[in-house]
Structures are given as C-alpha cells and as structure tokens.
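Visitor: Here's a structure for you.
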Amino acid sequence: MLYDVLIIGAGCTGVMTARLLSTKNVKVAVAEAGPDVATGATAANSAIVHAGYDAKPGTLKAQLNVRGNRLMKELCAALGVECKNVGSHVIGFGEGDLPMLEELLARGRANGIPDLEIIGQDRLRAMEPNVSPEATHSLWAPTAAITCPYGITIAAAENAVTNGVDFYFHFRVTDASRAGDIHYITNGTETLAARYVVNCAGVHSAEVAAILGENDFPITITPRRGEYFILDKAVGGLAHSTLFVCPSDRGKGILVSPTVDGNLIVGPNAYPIGDSDDRSTTAEGLAEISAGARRIMPDIPMNMAITSFAGVRSTPNQYDFYLKASDQIPGVIHAVGVEPPGFASSPATAEYLVGLLEEAGLALTDKPDYIPTRRRDGNHIQWNRLTEEEKAAKCRENPAYGKIVCRCETVTEGDLLDMLDAPIPAVTIDMMKKRLRAGMGRCQGGFCSPRVAALIAERTGHDLDEINKSGPGSWLVTKREEA
Amino acid sequence: MAEHKLIIIGGGPAGLSAAVAAVDAGLAPEDILVLERDSEPGGILNQCIHAGFGLHRFGEELTGPEYSGRYIAMARERGIPILCNAMVLSLTDDRRVTFVSPETGYTTIQAEAVILAMGCRERTRGALSIPGTRPSGVYTAGCAQRYINIEGYMPGHRVVILGSGDIGLIMARRMTLEGAKVLAVCEIMPYSGGLARNIVQCLDDFGIPLKLSHTVVQIHGRDRVEGVTVAAVDEANGRRPIPGTEEYFACDTLLLSVGLIPENELTRGAGIDLDRMTNGASVNQFRETSAPGVYACGNVLHVHDLVDYVSEEADTAGRAAAARILGNAAPVVRSVKLTTGHGVRYTVPERIDLAEEPEDVRIFFRVTDVYKKVRLVIETGAGEILVNRAKSAVAPGEMESLTIPAAKLAQVLRSGEEEILVKLTETEGR
C-alpha cells in the first residue's frame with residue numbers, strides 16, 4: 001500500500017490532521033508509537049480550550065489558538081463530544097498585577113477575541129464565590145471552554161478511520177529512507193510507504209526530524225513535565241470557570257478548573273526533565289500544586305483528590321510553534337514544538353498543515369461520500385449521557401445497557417461492548433478508561449477493572465493474562481501456579 | 001410510577017439481614033425488593049474465602065461465602081425477592097428510587113421505606129497521592145482478592161502491601177499461600193488498623209515483616225510496577241517521611257489496604273445528613289437517617305470489623321422499617337444527641353429517639369488511639385454516669401460497644417437532658 005500521506009504521531013495534532021485529510025480523496029495512515037491515540041501530552045494536560053489572549057499577536061500560536069477555539073467547539077458538537085463554554089478568569093492579586101492583565105487584554109483584542117474584559121473583585125466573587133478574598137481583579141474570557149482532550153481526539157480518530165484512514169499502533173519510527181518521491185518509514189519490523197510525511201511526534205518530534213534525515217534541524221525540544229491532581233466530583237462545583245493566576249516571573253502558574261466530567265483539575269507546575277517519557281509525579285511537585293491551588297482557592301479540599309498524574313509538554317527553543325515544510329527533504333512537513341496551547345489550536349493547526357501539504361504539491365479534492373460522524377451509523381453516545389427516555393429505550397432494545405459495570409461513572413456493559421466494536425477497538429483497560437471513564441471515578445477501577453478485563457478477554461478471545469493495562473508489559477495478572 | 005413498600009439497596013450481609021429481619025417482624029416478603037448490583041447476592045463476602053466469620057452470630061467459624069450463603073438461604077426460605085445486576089442510580093429524600101437492570105430496564109419506584117446497605121469501597125492510591133509512575137500492578141487489596149478468589153488468577157508475584165487493615169493482612173497470607181513472596185506490610189501509623197488475630201495468623205505465622213510507622217514514598221516502573229521506595233515517617237512531624245530512611249523493594253505488585261470509605265453517593269444525592277467522622281449517614285438507634293423512612297446499616301453506615309455486627313445492625317434497621325410500614329412503631333417523645341468525649345472518635349447511633357417506654361440501646365464506637373487500662377464511660381451532660389466499664393486495652397481497629405439500659409434512658413427522658421457523652425478515662429499512663 002502506498003499512502004498519499006503518512007502522519008507520525010497520533011496526538012491531537014496528528015489525529016486532527018488525519019481527520020481533516022479524511023474528508024479529501026487521499027489515502028492516509030497514522031503511525032503511533034503508543035498503544036492508542038492520545039497517549040502523550042494530549043492525555044495529560046489542563047483540558048482547556050484556551051480563548052487565545054495569551055499568545056503574542058502575529059504568531060502562529062495566536063492565529064491558530066483563536067481559530068482552534070472556534071473549530072474545536074464545532075468539532076465537539078459534530079462528533080458528540082462534550083464541550084462546555086465555561087469561560088476563564090486570569091486572576092490578579094492587587095494593583096501590581098493590573099499591568100499584566102491590561103497587557104493580556106490588549107493581546108487578546110489584537111488577536112481578535114470577542115467579549116474580553118477586566119472585571120473587579122465584586123463581579124469576580126459573584127461569579128466565583130470560592131476564590132481567595134485576596135483576588136482583586138480578573139481578565140474574564142467568556143469564550144474559553146473545557147472539553148476532554150483525549151475524548152475529542154479519540155472521536156476524531158474514529159471519524160478518520162470511518163473515512164478510510166489507517167492507524168498503526170506500537171509503530172515507533174526507527175528509520176526512514178527515500179526512493180524518488182516515495183518515503184519509506186519503518187519501525188524495524190514493518191515499513192510504510194507514502195508520498196508525504198507529516199511529523200507530529202510531539203515530545204519526540206525533533207528526534208523524528210533527525211530520523212527523517214534533517215541535518216542541523218533548527219528546533220530542539222525541552223521536555224517540561226507538569227503535574228496535576230483530579231478532585232472528586234463531590235467538590236467539582238467549587239469552580240465554575242477556569243481560574244488562572246496572573247502570569248509572573250514565577251511562570252504561568254497553577255490553575256483550578258472544572259473538568260467537562262464534573263471533577264476539579266488542579267495543576268500544573270513546569271519542570272524540565274531529561275527523559276521525555278518520564279511521566280512520574282513527585283512528592284515535592286504535588287505539594288507545590290496543592291499550595292498553588294490554595295492561593296486561588298484557600299479552602300480547596302485537597303483531601304478529595306482521587307488521582308494525580310503528570311504530562312510532558314514539548315517546549316521548543318523558540319516562542320512559536322514550528323510548522324514548516326522541510327527545506328531539505330521534499331514531501332516532509334514538520335509540526336514541532338507544539339506546546340500549549342497546542343490542544344486548543346489543533347483543529348486549526350490541522351488546517352495549516354493541510355495547507356502546507358497542498359503547497360508542497362498534494363492535490364486535494366473533496367470526498368463525496370465523506371461520513372461526518374464517528375461511525376457510519378452515527379456518534380454512539382454513551383448511555384449515561386442520554387435522557388431518561390433514551391436510557392429506558394436503549395435498555396429495552398439491548399439489556400446489556402441495563403447492566404452497570406463501572407458504578408462510579410455509570411458505565412454499562414453495552415457501552416463496553418460498543419467500544420470493543422469501535423473503529424479503533426478498545427482492547428486494554430486504559431483504552432476503555434479513556435473512552436468511557438470506566439475506572440476513572442472515585443474508586444479508580446478497584447471495583448470494575450477486573451470485570452472490564454474479563455469482558456475484553458471474553459470478547460476478544462484472549463485469556464485474562466493476555467490483557468494489558470496499556471502497552472505491552474503492563475500485564476494485569478498471570479496464571480496461578482498449579483500445586 | 002410503580003410503588004413498593006420496602007426497597008433495600010444492596011444484597012450483601014447488611015441488606016439480606018435487614019430483609020430477613022423485616023419479614024420476621026411481620027412484613028410480607030412480596031412487599032420487599034432487594035436490589036443487588038452484582039450478578040449474585042452476598043456482597044463482598046463472596047470473595048472473602050477465608051474463615052473467621054460468624055463466631056458471634058452463629059457460634060461457629062464460617063468462610064465469607066458460607067456466611068453470606070446462610071443469609072441468602074434465609075432470604076430464599078422466606079421468599080424475599082432479590083433483583084441482581086440492579087444498580088440504583090438515584091434516591092430522593094422522599095424515597096423515590098431510580099435503578100437500572102437488564103431484567104427491568106430503567107425504572108423508578110416510590111417506596112414507603114428504604115434501607116441503605118450499599119457497603120463501602122477501598123481508598124485508592126489517588127486518595128493518598130503516592131508519587132511516582134502509574135504502571136500496572138498497583139491494586140487495592142480487595143481488587144487483588146477478586147482476581148485470585150473469583151477470577152482465579154495471580155495479580156503478582158513479589159508484593160509489598162501498604163496499610164495493615166484487615167483486607168491487607170488477609171491478602172498477605174492469601175498471596176503467600178498462592179506462591180507469591182510478600183516482602184513487607186507497611187503501616188504509616190504506629191499501630192495496625194487490623195484485628196490482632198489477623199496480625200498473628202496472617203503475618204507472624206508466615207514471617208512477613210510488619211513495618212509500623214513506614215509508608216510508600218515512590219512507585220517505580222513504566223509499564224508494570226518494578227519497585228517501590230519505602231521510608232519511615234516522623235510521628236512528631238505530621239507523619240512526613242524521614243529523609244535518609246528510604247529503602248527500595250524490587251517488586252511487581254503494590255497492594256493497598258489503606259482504609260474503607262462508606263459508599264454514600266446516593267445518600268449524599270438525597271440530601272441526607274452525613275456524620276463527618278463515620279462518612280456515613282447520621283442515624284438514631286433504629287438506624288433511621290435524617291430522611292424519615294430511610295434507614296442505613298452495615299458498612300455504608302460505618303466500617304465494621306466483624307460482619308456479625310453488620311448483621312445485628314441490619315436486623316435493627318429491618319425491624320424498624322417493618323414497624324414503620326406496619327404502623328406499629330412507638331411514637332418518639334424527644335431526641336437526645338450523643339457526643340464524643342476524650343478518646344472516642346465516633347459513635348453509632350449519633351442520636352437516640354426516646355419513646356415513652358425506652359428500650360435498651362447499644363452504642364457502637366471507635367477509640368482514637370491505642371490505650372491500655374481504660375474505663376469506657378457513658379454519662380449525661382450533667383455528668384451522671386449511665387454506663388461505666390473497665391477495659392484492659394482498646395485500639396482503633398477494634399469496634400467497642402456499650403449498652404445503655406432502658407431504666408437509665410427512662411431517667412434521661414424524665415430529666416430533660418439533651419446530650420449524652422461517650423468517652424474513655426485512662427486509669428494509668430499509656
């Protein structure tokens with residue numbers, strides 16, 4: 001199979017690009033090192049669809065964030081993924097922070113963001129009664145939104161598969177060669193051939209550039225780890241919108257935000273790390289986040305944390321995203337150094353990258369039979385999100401929807417079976433967790449994970465000891481030794 | 001909307017005991033519906049295949065499935081309907097229960113009385129915020145227990161256990177018997193949270209070290225657990241890890257037995273008052289919550305260490321629910337609040353609703369620390385002693401109980417006293 005376009009990396013940027021290309025008459029593949037889409041920075045970030053006032057006017061970051069904000073909301077609606085327009089506050093503590101808020105307001109206006117304003121303490125506290133009494137002002141951005149970054153990425157990937165895109169998982173690119181205008185990309189055991197290659201490899205994108213044959217590639221990546229807490233839904237209502245602190249020389253700071261699923265997210269810090277795949281948390285880091293959260297919301301009940309995690313951003317040695325066709329290797333497009341607001345920007349970044357492909361000679365025509373949903377027959381909304389009447393109807397139609405497997409997040413057996421039949425079948429505990437939130441609630445899978453694993457094993461014809469949490473080596477159980 | 005007299009949420013030992021007691025108190029079995037979320041009744045006891053259940057209740061030592069089996073048989077003999085695979089999704093304070101099951105679909109029922117018997121869940125790694133990676137191989141003890149005893153698989157081979165609650169101790173023995181190597185059980189407190197008999201029978205008998213005042217400070221391994229770092233904690237400094245005491249254990253599994261949390265999401269959703277100390281509903285001696293006609297019993301009310309006490313508590317709730325429905329409950333004259341004094345963490349019940357002719361009331365409670373040679377005292381707000389009992393040793397892991405005699409409660413009723421205090425006095429130094 002000769003692909004027209006091979007995308008390396010199934011994070012939000014790669015998947016959004018694949019999805020956009022799937023509306024056109026081209027054959028597309030995505031090669032992903034991990035076991036699923038959205039396993040890197042897309043799975044572990046603040047889950048904010050930023051309004052776009054932070055990026056400096058005239059940069060790609062600014063242009064793509066602002067357009068991405070709008071496109072992300074449209075895409076979520078089209079694919080049945082929740083996205084809530086909760087707005088965001090950048091909170092100032094005293095007059096000293098006002099100049100920075102004014103600066104952000106000016107940037108935001110220059111970037112074309114509607115309805116931005118600086119509000120005083122009374123309005124802020126009326127909107128967010130739990131913020132610190134020391135918060136005096138905020139920059140209010142009503143267009144900021146929250147969604148589930150891996151949720152929309154999975155949905156976009158399913159939509160892409162439904163429209164003919166091929167995904168290759170466990171495909172870590174180790175070498176590349178070229179014959180004429182065909183690129184051969186290999187993981188050591190398997191080789192994919194394509195006319196164009198798009199490097200969306202996130203924190204590994206500079207390494208992939210080197211593998212693709214770039215000499216003196218101008219961009220280097222510093223992996224920066226950020227740690228987060230998720231708090232129980234019981235306290236999810238403490239914040240109504242995303243609460244940032246005014247950026248200072250101490251960095252952008254720690255935010256408190258509701259998540260689209262009703263929890264609170266708290267974080268991140270930002271520390272450069274040596275190993276770009278090191279997503280471990282530290283006692284010091286978690287303590288730092290707790291302290292940062294208390295600055296915004298003094299009474300935040302950190303004892304209601306249900307989990308903590310870390311994500312790794314790919315910070316480049318320049319301010320802006322590096323989105324460019326290679327000047328050394330024809331047919332190669334780079335999306336490198338896509339750090340925050342990379343997720344919010346991703347649908348617009350995809351447009352930009354597709355534009356670069358066209359400039360590089362890729363001919364695109366609309367696909368007349370393009371299917372705008374996750375599957376041929378629609379978007380398959382999870383049972384828990386249906387109305388009461390729809391829930392009742394679904395149970396009558398198929399009793400498996402009447403059997404709750406994950407009780408914390410109300411995930412039914414019908415939902416799990418549905419995901420086993422999805423365009424990208426969910427065959428690990430983590431794949432189910434990301435798609436349905438099974439195991440993501442307050443018991444963290446203590447109750448449902450054996451049941452989820454047993455169901456995957458049964459339906460895929462595997463033994464339970466062959467089912468993994470995520471990638472190879474993440475086994476759950478072994479057979480008992482017979483005495 | 002469909003109507004039903006008594007709905008019992010949960011078909012474990014609490015729910016089944018309550019159902020049996022309600023029938024024995026005169027309620028028709030067909031007026032009861034037990035909703036069980038699992039595919040069979042019995043609750044978590046079904047995976048507790050070790051012995052040690054039923055000494056108080058049946059005067060013999062049973063395994064978990066045997067104990068639950070007896071209650072399942074009693075419920076079946078009485079013809080009590082049990083609907084399995086039925087998950088309750090919401091409850092209101094006026095007793096509307098919405099549930100879903102493959103058999104009945106999505107259903108809402110108005111009940112005259114509801115008994116909450118949903119049990120508890122295990123605290124997780126997330127609740128402790130143990131730093132490190134997030135690999136496979138970090139299990140709650142109960143999850144590991146299910147893999148071994150129900151699914152028939154081994155969740156790991158070289159094991160460190162954090163927390164010395166009873167499930168952790170039981171699992172140390174269980175994993176060892178199945179051929180795994182249990183390297184250590186770490187307990188952040190200076191004493192175990194489990195029963196003394198389990199420390200002897202599950203750790204000492206197998207030479208498994210119990211490291212008191214130690215905790216896990218880091219989890220290592222990308223795909224599967226490769227090791228954990230354990231450190232001693234400083235009692236005097238908020239139990240923070242003491243630098244320099246770190247010890248690395250190469251292992252493929254970390255089991256957590258770090259506490260149980262009554263599963264009260266439905267209770268909270270119904271706006272029922274909760275006790276911050278028990279994390280369960282605040283109840284009277286009949287286990288009636290702040291919502292009239294809604295009762296709670298078993299581990300959803302407070303975490304018990306013996307299932308025998310769960311059954312006893314459920315009997316109380318079942319009888320009271322039946323009396324409410326049958327209209328033969330004694331009218332309440334006035335309520336008295338129970339408060340905790342020195343050395344007492346919580347009491348159940350939290351209040352006593354006194355009728356004209358009070359009956360004996362048994363008060364269950366837990367102490368805050370390990371004490372030797374104490375007196376357990378119940379007195380009125382005015383300082384009049386109602387109960388006073390000497391005890392050679394008490395520990396938070398073992399539930400205590402005292403009974404206030406009916407005659408004393410009759411005195412309280414007449415005295416106008418509004419509070420009763422439960423406390424301990426130390427008869428000599430610790």
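Readers should treat all values here as calculations from the given coordinates under stated rules, not as data from a laboratory. Given the structure is predicted, the values throughout are model-derived calculations rather than measurements. Note: ideal-geometry Cβ built from the backbone for every residue, glycine included; neighbour counts use all protein chains shown.
Visitor: Based on the Cβ-Cβ distance from A:Met1 to A:Asn215, what FRET efficiency comes out when R0 is 25 Å, to the nearest 0.05?
Guide: With a Förster radius of 25 Å, E is 0.25.
Visitor: Express in whole angstrom the spacing between the alpha-carbon centres of region B:198-224 and region B:96-143.
Guide: Taking the Cα centre of region B:96-143 as reference, the centre of region B:198-224 is 26 Å away.
Visitor: At a Förster radius of 35 Å, what calculated FRET efficiency corresponds to the Cβ-Cβ distance of A:Arg385 and A:Ile119, to the nearest 0.05?
Guide: 0.60
Visitor: Based on the Cβ-Cβ distance of B:Ala410 and B:Glu40, what FRET efficiency does E = 1/(1 + (r/R0)^6) give at R0 = 56 Å, to the nearest 0.05?
Guide: Values: r = 45 Å, r/R0 = 0.81.
With R0 = 56 Å, the Cβ-Cβ based efficiency is 0.80.
Visitor: Region A:29-89 to region B:147-182: how many Å between their Cα centroids?
Guide: One Cα centre to the other: 43 Å.
Visitor: Let me ask you something else. What does the charge count around B:Pro243 come to, taking other residues whose C-beta lies under 13 Å from its C-beta (Lys +1, Arg +1, Asp -1, Glu -1)?
Guide: Surrounding charge for B:Pro243 is -3.
Visitor: Further question on the same structure: Once fully extended, how much extra length lies between A:Tyr271 and A:Glu190, figured as 0.36 nm per residue of separation less the alpha-carbon to alpha-carbon distance?
Guide: 25.6 nm is the gain from fully extending A:Tyr271 to A:Glu190.
Visitor: Could I ask something else about it? Taking a Cβ-Cβ separation under 4.7 Å as the criterion for a possible partner, which cysteines of chain A have none?
Guide: If one checks each Cβ against the other cysteines of chain A, A:Cys12, A:Cys148, A:Cys200, A:Cys246, A:Cys395, A:Cys408, A:Cys443 turn up with nothing under 4.7 Å.
Visitor: List the lysines whose alpha-carbon lies under 28 Å from that of A:Lys56, not counting same-chain residues fewer than 8 positions away?
Guide: Partners within reach: A:Lys73, A:Lys84, A:Lys252, A:Lys324.
Visitor: Based on DSSP, what percent of beta bridges with both residues in chain A are antiparallel, to the nearest 5?
Guide: 75 percent
Visitor: Which of the DSSP-defined H helices in chain B satisfy a minimum axial length of 24 Å, computed from C-alpha atoms, and a minimum mean Kyte-Doolittle hydropathy of 0.0?
Guide: B:307-326
Visitor: Let me ask something additional. Would you list the P(r) distribution for region B:138-257, with all Cα-Cα distances sorted into 10 Å bins from 0 and each bin expressed as a whole %?
Guide: 15, 47, 32, 6, 0
Visitor: Another one. Contour minus end-to-end for B:Glu103 and B:Phe58, with contour as 0.36 nm per residue of separation and end-to-end as the Cα-Cα distance?
Guide: The span from B:Glu103 to B:Phe58 would gain 12.8 nm if fully extended.
Visitor: A further question on this structure: Between A:Arg109 and A:Ala78, what is the spin-label point distance in nm, taking each point 7 Å from the Cα along the Cα→C-beta axis?
Guide: Placing both labels 7 Å beyond Cα along the Cβ direction yields 3.4 nm.
Visitor: Once the other residues with Cβ under 12 Å from the Cβ of B:Met189 are scored (Lys, Arg +1; Asp, Glu -1), what is the net sum?
Guide: -1
Visitor: A follow-up question, please. Whole-Hz ³J(HN,Hα) for each residue in region B:130-135, computed from phi via Karplus 6.51 cos²θ - 1.76 cosθ + 1.60 with θ = phi - 60°, x for glycine and proline: what do you get?
Guide: Calculated HN-Hα couplings, in order: 6, x, x, 7, 10, x Hz.
Visitor: Something else about it: For B:Glu178 paired with B:Met1, estimate the spin-label separation in nm (one decimal), with each label point 7 Å from Cα along the Cα-to-Cβ line.
Guide: Rounded to a tenth, the inter-label distance reads 4.4 nm.
Visitor: Let me ask something else about it. When the chain is fully extended, how far beyond the present Cα-Cα distance does B:Arg345 get from B:Asp273, taking 0.36 nm per residue of separation?
Guide: Once the chain is fully extended between B:Arg345 and B:Asp273, it gains 24.1 nm.
Visitor: Along Cα→Cβ, 7 Å out, is where each label goes; now give me the distance between the ones at A:Lys56 and A:Ala360 in nm to one decimal.
Guide: With each label point 7 Å from Cα toward Cβ, the separation is 2.7 nm.
Visitor: Each residue of region A:393-403 in turn: what ³J(HN,Hα) in whole Hz from Karplus with 6.51, -1.76, 1.60 and θ = phi - 60°, glycine and Pro shown as x?
Guide: Those phi angles translate into 5, 5, 5, 5, 5, 8, x, 4, 6, x, 10 Hz.
Visitor: Set the bar at 31 Å for Cα to Cα. Now go through A:Lys367/A:Lys403; A:Lys434/A:Lys479; A:Lys403/B:Lys211 and name every pair that lies beyond it.
Guide: A:Lys367/A:Lys403; A:Lys403/B:Lys211
Visitor: Provide the net charge surrounding B:Met399, with neighbours chosen by a C-beta distance below 13 Å and charges set as Lys +1, Arg +1, Asp -1, Glu -1.
Guide: Local charge sum for B:Met399: -3.
Visitor: Quick one: which of B:182-195, B:328-341 comes out on top by average Cβ neighbours within 10 Å, and what's the full order, highest first?
Guide: Details: B:182-195: 21.8, B:328-341: 14.4.
Packing proxy ranking, top to bottom: B:182-195, B:328-341.
Visitor: Using the Karplus curve 6.51 cos²θ - 1.76 cosθ + 1.60 with θ = phi - 60°, what ³J(HN,Hα) values do you get for each residue of region A:447-453, in whole Hz, with x for Gly and Pro?
Guide: The phi angles translate into 8, 8, 4, x, 6, 5, 4 Hz.
Visitor: If you find the alpha carbon centre of region A:369-421 and of region A:167-243, how far apart are they in angstrom?
Guide: 32 Å
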